[in-house]
Amino acid sequence: MQAVDGADLELRAGGTCSVLGPSGCGKTTTLRLIAGLERPDSGEIIVGGRVVSSADRFVPAEQRKIGMVFQDYALFPHMDVAGNVGYGLGRKPDGGRIREALELVGLAGSERRPVHELSGGQQQRVALARALAPTPDLVLLDEPFSNLDASLRDRLRQEVSQILRTAGVTALFVTHDQEEAMSIAETVAVMRDGRVEQAGTPEEVYLRPASRWMAEFLGDIEVLPADAHDGRASCELGNLPAGDVSGACDVLVRPESVAIGVSGPSSAASAEVVSRRFFGHDQLVGLRLASGQVICSRRLGFPAWHPGDHVQAWIEGPVEVLPRENGAAPA
Amino acid sequence: MDAAAGARALGRRLPSAARVFGTRRPPLVLLGLGLVIGLAAALPGLYLVVAVLDDTSGAVDAVMTSRTLGLITRSLGLAAAVTVAAIAIAVPLAWLTVRSDLPGRRAWATLATLPLVIPSYIGAYLFVSALGPRGALADLLGVRLPSIYGFTGAFLVLTLFTYPLVLIPLRSALRRMDPSLEEAARVMGRSPAEVFRTVVLPQLTPAIGAGAVLVALYTLSDFGAVSIMRFNSFTRDIYVAYQSGFGRTEAAALGMVLVIVMLVLFAVYARVRAARALHRTTPGTPRPSAPVQLGRWRWPALAFCSVIVGVALVLPVGVLGYWATKQISSGLEMGALATNAGHSLLAAACAALAAGLAAIAVALLSVRYPSYVSRIVERVGYAGYALPGIVVALALVFFTTRVALPLYQTLAVLVFALAIHYLPLAVSPISASLLQVPPRLEEAARGLGRSPMAVFRTITTPLVTSGVLGGAALVFLHALKELPATLLLAPIGFDTLATDVWRQTSFGFFEASAIPALLLLLIAAPPLYLLSAKGSVGT
């Protein structure tokens, strides 16, 4: 079984990258390969210009100088906070460095506390301080927020990415949470079945997905059948730039790019509101187009639209036009 | 169930006074039964105190001698040596069989655990009969061998038959250990040897400590191995004092000192355990870790396992086979053998029945009607187990000779002693199975229209049966091989397989010991192994 096959990934020094994918896609294996906890069958891993793994070379984990934050933090239960943070600093750890690392994560003064007394968020930060203390070239974080409850998770995401930026360290996150991946990293690599499906800035992967699967994995998507020639694709909601695509194609549009109004631009199509779900900050309005296809438009929470309303619908914002794929992509 | 769990039960915090009688009132019959059982379990300990107080000056004279100091030194010295040696054997065995790619590691684990089910007096008999002055090796070689009796023999036998008490908890601790801890340590630049020392070993300390205390307590309370090896430890001295007839106060006083030594050990252990309690920082099942490649070290590792299994299992069983064939070829006395086997089975079965029924009452009381009273009953239930078998027997001898003479040396007293001594072995699995039938399950059945009796029959009973049978089986197997209590309490002429082995061996009739020993092993060892492998290790 090949868990990871062709995971080509390049990282900018000092940047943060998140590896996103459904469970079982090989993202954690990728992380463990980089850390040296698992041995690849082939291929090369280069960290900071140093080949750590290739056909004739395998640097063991303890010599890679890579920091790692484990999903369950893996704090040593028999050591206090300072013992954990200083562990990677050799037998006689420098107290000053431990303090610096703890200050960085906002836990100065907690040196002597036993780790089991810490809250989940504090354990997470100790794990981060421990990984950063030996000043590694690269820090790997394996689903670092998955053990935290929702409110804490959101706060810590911001804190952790701030800490990593302050430390100036290159960081690689693994996560299965789309929002998390896009909100904390400057590069997102989406993995599927052991391969990197697409990598780029969060905006690129979200707004210009390379495939229908990518589009669906990262969020809600509407697919409008279209026909393209001379660089333009015409679909029910108008005439859109199609790039190199010609012939039968699909227009992939996010619900928030579908605008509705009582009146609209000349390219707008008339539609009927058939459903509405209200979420407070926004609403999802179901529209039946003239062809009978039902699509969703995500609008702000007001004004309210009601089933039966006749509206104009048009596209407002980026879309992606892809050649028609045979069969539906997996959800 | 083991002594460690006993320590846990003793160490739990007492409830507030408001909960003395619990929020759910137990039926009066159950409560009364529980109190009677608690009293019965406390009887040996209490009567030991009574016997000593009865002749305080005699007891003080008996104890306040330099001999007592020598006894304490010898017994503790033996316990310490056996414990250290058992740890030294168990740690590499556990690591090799759990974490390395040792060929056949599952089989090695099983083989290395098996010596646990050989009773110490049979083990001692087999070692004496193999390596002793008139043993098999001397027999085969036709030479005189150096004496095995004394400290050497006792140390050797007790080490080889108790190290599984460390091995079993250690293996499960190793399996439970979160592999990401080791990975984290390695990623931080520590070599595998350093990771073992700074991360793995500290994680294993509680398990090693728990096993070590079991080994020490076993060694202190062991009677069979030390008396066959003629090593003057507490238990042997108590027996000799008792046998001499006029030294009964002395025996009781020595018994008391032994109990105090054991209680101190227990208390130290409970404290160490509480201080070192390790918390897993996170929930969840750990990923299994990849086995460590042994490479060329495979050969010394295999040699180590072979030596241990060879000496602790193959040698004794081989010697047993040797004597058994000799005995069979010279003709068997089937009559006596059958009688003794019958006695063993009878006493053990009665004890299992009595302990099983008592344990159901104790477990029901403590699981279903938790209160101050039920907790005391549960804890006192461990009293009989905390005393060495010989002390329980001695106390009951005093009790019957002074208070209930018609019961002296009757089967009833023997069964009583066995039942209270092994009661905790039955309580734990029954409590555990009762805990798996939460009251809500029964309430759900009631809500579906069944009467309380029907619920008990169709829901509770099927779910608890395996626990009850397991508990009773454990008592049966341990009672079957019990030596000192049977020696002291059995009616005149009521020989069991255990006392037969012991007597023949003490006269040097190795051939005659072989068949009863073999029979005992055949009956008790396989189920005992299965039960201990499931985690309920009894000593």
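The values are calculated or read from the model by the stated rules, or taken from the named source; none is laboratory data. From a predicted model like this one, the values you see are computed outputs, not experimental measurements. All Cβ positions, glycine included, derive from the backbone under ideal geometry; neighbour counts span all protein chains shown. We work out accessible area using only protein heavy atoms, side chains counted, and drop any ligands, DNA or RNA first. Shrake-Rupley method; radii C 1.70, N 1.55, O 1.52, S 1.80 Å.
Within region B:165-196, track down each residue that is more than 13 Å from chain A (Cβ to nearest Cβ) and open to solvent by less than 10 Å² (accessible area, probe 1.4 Å). I'd like the intermediate steps shown before the answer.
Going residue by residue through region B:165-196, those that are more than 13 Å from chain A (Cβ to nearest Cβ) are B:165-172, B:174-175.
Listed by number, the residues that qualify are B:LEU165, B:VAL166, B:LEU167, B:LEU170, B:LEU174.
State the number of residues belonging to region B:494-517 that are within 16 Å of B:ALA336 (Cα to Cα), open to solvent by 40 Å² or more (accessible area, probe 1.4 Å) and modelled with pLDDT under 90.
4
For (1) under 30 Å from B:ILE87 (Cβ atoms); (2) in a helix (DSSP H, G or I); (3) open to solvent by 30 Å² or more (accessible area, probe 1.4 Å); (4) of a type in the set (Ser, Thr, Tyr), each residue gets a yes or a no:
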| position | (1), (2), (3), (4) |
| --- | --- |
| B:TYR322 | no, yes, yes, yes |
| B:CYS350 | no, yes, yes, no |
| B:LEU365 | no, yes, no, no |
| B:VAL377 | no, yes, no, no |
| B:ALA395 | no, yes, no, no |
| B:GLN409 | no, no, yes, no |
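If you go through region B:210-260 one residue at a time, how many are open to solvent by 30 Å² or more (accessible area, probe 1.4 Å) and in a helix (DSSP H, G or I)? First the steps, then the outcome.
Narrowing region B:210-260 to residues open to solvent by 30 Å² or more (accessible area, probe 1.4 Å): B:218, B:221, B:230, B:232, B:236, B:240, B:243-246, B:248-250, B:256, B:260.
Checking the rest, the ones that are also in a helix (DSSP H, G or I) come to B:218, B:221, B:236, B:240, B:243, B:248-250, B:256, B:260.
Residues in region B:210-260 being open to solvent by 30 Å² or more (accessible area, probe 1.4 Å) and in a helix (DSSP H, G or I): 10 in total.
Can you tell me which condition A:THR170 does not meet? The list is (1) out of contact with any Lys or Arg (no Cβ under 8 Å at 6 or more places or on another chain); (2) touching a residue at least 12 places away in the same chain (Cβ under 8 Å); (3) open to solvent by 10 Å² or more (accessible area, probe 1.4 Å); (4) away from chain B (no Cβ under 14 Å), and all the others hold.
If we test A:THR170 against (1) out of contact with any Lys or Arg (no Cβ under 8 Å at 6 or more places or on another chain); (2) touching a residue at least 12 places away in the same chain (Cβ under 8 Å); (3) open to solvent by 10 Å² or more (accessible area, probe 1.4 Å); (4) away from chain B (no Cβ under 14 Å), just (1) comes out false.
Of the conditions (1) more than 30 Å from B:VAL403 (Cα to Cα); (2) open to solvent by less than 30 Å² (accessible area, probe 1.4 Å); (3) modelled with pLDDT under 85, B:GLY58 satisfies every one except a single condition; which number is it?
For B:GLY58, the failing item is (1).
Table: residues versus (1) of a type in the set (D, E, K, R); (2) modelled with pLDDT of 90 or more.
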| residue | (1), (2) |
| --- | --- |
| A:GLU197 | yes, no |
| A:GLY200 | no, yes |
| A:GLU204 | yes, yes |
| A:ARG208 | yes, no |
| A:MET214 | no, yes |
| A:PHE217 | no, yes |
| A:VAL223 | no, yes |
| A:ASP230 | yes, no |
| A:ASN239 | no, no |
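For region A:188-205, how many residues are touching a helix residue (DSSP H, G or I) at 6+ places or on another chain (Cβ under 8 Å) and either assigned to a strand (DSSP E or B) or open to solvent by 40 Å² or more (accessible area, probe 1.4 Å) (or both)?
The qualifying residues number 7.
Only residues that are part of a loop (DSSP other than H, G, I, E, B) and either in contact with a Pro (Cβ under 8 Å, 6 or more places away or on another chain) or at the interface with chain B (Cβ under 10 Å from one of its Cβ atoms) (or both): list them for region A:108-128, please.
The one that is part of a loop (DSSP other than H, G, I, E, B) and either in contact with a Pro (Cβ under 8 Å, 6 or more places away or on another chain) or at the interface with chain B (Cβ under 10 Å from one of its Cβ atoms) (or both): A:LEU118.
I need the full set of residues from region A:153-166 which are hydrophobic (A, V, I, L, M, F, W, C), closer than 13 Å to A:GLU180 by Cα and open to solvent by 10 Å² or more (accessible area, probe 1.4 Å), in order please.
Hits for region A:153-166: nothing passes.
Return the residue satisfying two criteria in turn: it lies in region A:49-107 and is among the basic types (Lys, Arg) and without any contact (Cβ under 8 Å) to a residue 12 or more places away in the chain, and of such residues it is nearest to the other protein chains (Cβ to nearest Cβ).
Among those residues, the one meeting the criterion is A:ARG91.
Which condition number in (1) under 21 Å from A:GLU325 (Cβ atoms); (2) in contact (Cβ under 8 Å) with a residue 40 or more places away in the chain; (3) among the β-branched types (Val, Ile, Thr); (4) part of a strand (DSSP E or B) is the one that A:VAL245 fails?
(4)
Tell me which residues, restricted to region B:454-480, are surrounded by 15 or more Cβ atoms within 10 Å (Cβ to Cβ) and of a type in the set (Gly, Ala, Ser).
B:GLY467, B:GLY470, B:GLY471, B:ALA472, B:ALA473, B:ALA479 - these are the residues of region B:454-480 that are surrounded by 15 or more Cβ atoms within 10 Å (Cβ to Cβ) and of a type in the set (Gly, Ala, Ser).
Out of (1) open to solvent by 10 Å² or more (accessible area, probe 1.4 Å); (2) within 11 Å of another protein chain (Cβ to nearest Cβ), what's the single condition that is false for A:ALA131?
(1)
All but one of (1) more than 25 Å from the chain's Cα centre (by Cα); (2) more than 8 Å from every other protein chain (Cβ to nearest Cβ); (3) open to solvent by 50 Å² or more (accessible area, probe 1.4 Å) hold for A:ILE46; which doesn't?
(1)
Across region A:88-103, what is the number of residues that are at pLDDT 90 or above and in contact with a helix residue (DSSP H, G or I) (Cβ under 8 Å, 6 or more places away or on another chain)?
4
Give the residue that is nearest to the chain's Cα centre (by Cα), with candidates limited to residues of region A:1-27 that are at pLDDT 85 or above and either farther than 15 Å from A:VAL139 by Cβ or part of a loop (DSSP other than H, G, I, E, B) (or both).
Of the residues in region A:1-27, the ones at pLDDT 85 or above are A:15-22, A:27.
Narrowing further to those that are either farther than 15 Å from A:VAL139 by Cβ or part of a loop (DSSP other than H, G, I, E, B) (or both): A:15, A:20-22, A:27.
Values: A:GLY15: 14, A:LEU20: 5, A:GLY21: 8, A:PRO22: 11, A:LYS27: 12 Å.
Filtering first and then ranking leaves A:LEU20.
Kindly evaluate B:LEU137 against the criterion of being open to solvent by 10 Å² or more (accessible area, probe 1.4 Å), modelled with pLDDT under 90, touching a Ser or Thr at 6+ places or on another chain (Cβ under 7 Å) and away from every other protein chain (no Cβ under 14 Å).
When the stated conditions are applied, B:LEU137 does not pass them.
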